[in-house]
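Data block below; observations after.
Here, each number is a calculation from the coordinates, and none is a lab measurement. Everything quoted here is computed from the prediction, not taken from an experiment. In this analysis, Cβ positions are derived from the backbone assuming ideal geometry, glycine residues included, and neighbour counts consider all displayed protein chains.
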Amino acid sequence: MSSVARAIRPFASRALAQKPLTSACQVSPAFRFPRGTRSFSQSPLCECHAPPMLLKAAQDNVQDIRTGIESSKFLKPQLKKYTESHEWIELAEGGKTAKIGITEYAAHSLGDVVYVELPEVDLEIVAGEPVGAVESVKSASDVLSPVAGKVIKGNSILEDKAKTINESPEGEGWIAEIEVADVAELDALLDEAAYKETIDA
């Protein structure tokens, strides 16, 4: 018998000797109902008298869950930046990839979008180079990448439904997802407040 088993066995024997299993859980007679005659919500559950050590462990687990929920409220939001040429870039939670699209202001200025040119997968780009193009009933415009990186994928939804850019330009209407070469490049871009100042000027 292992040393762990020898240590546990006497403890278990003492615990059972102090409180027999039959008295550790007192079940209400009302709980023993004929099949199909009563639901769990209609019958009282058993009154269990767990050992203090188990109760303490359960309380600690509940506290850990509550602490996790509370701390999740203060998680740092995903980083989103803007350019003066009306593109946005949103860094994923992992900090390695980002989605790029045009801003709501740009989508409104273009009017009804009828075609979107998506980038090729694995295309390497530098900041300021086109990562796609958008054509509307009014005009056509290149979409410039705010940072350097490599294209992971284009938004295939736009191939069949280009107007998604009008409906959700900064959400479902993203144009490309890239692997960011240097996250520090985002520091030079505009935050939401600074971008709003440029379009309000």
Rounded, prolate or oblate: which one fits segment 102-201, using the alpha carbon gyration tensor with axes a ≥ b ≥ c (rounded when a/c is under 1.5, else prolate when a/b beats b/c, else oblate)? oblate
Go through segment 158-166 residue by residue and turn each phi into a ³J(HN,Hα) via Karplus (6.51, -1.76, 1.60, θ = phi - 60°); whole Hz please, and just put x for glycine and proline. 6, 5, 9, 9, 5, 5, 4, 5, 6
Scale the Cα Rg of segment 152-201 by the rule-of-thumb value 2.2 N^0.38 Å and send over the ratio, two decimals. 1.44
Simple spin-label estimate for Asp142 and Ser156 in nanometres, 7 Å along Cα-Cβ: 2.8
Ala148 long-range amide H proximity, modeled H, under 5 Å: Ala127, Ala181, Asp182
Charges at C-beta only: +1 for Lys and Arg, -1 for Asp and Glu. How large is the resulting dipole of segment 76-133 about its Cα centre, in Debye rounded to 20? 380
Output ³J(HN,Hα) for segment 126-135: one whole-Hz value per residue in order, computed from phi by the Karplus curve 6.51 cos²θ - 1.76 cosθ + 1.60 with θ = phi - 60°, and x for Gly and Pro. 10, 4, x, 8, x, 10, x, 8, 10, 10
Other residues with Cβ under 10 Å from the Cβ of Trp88 give, with Lys and Arg +1 and Asp and Glu -1, a net charge of -2
Report the GluC sites (Glu not before Pro) located in segment 105-138 that are in a DSSP loop and have at most 12 other Cβ atoms inside 10 Å of their Cβ, or state none. Glu120
How big is the dipole moment of segment 80-200 about its Cα centre under a simple scheme where the beta carbon of each Lys and Arg is +1, that of each Asp and Glu is -1, and everything else is neutral? Debye, nearest 20, please. 180
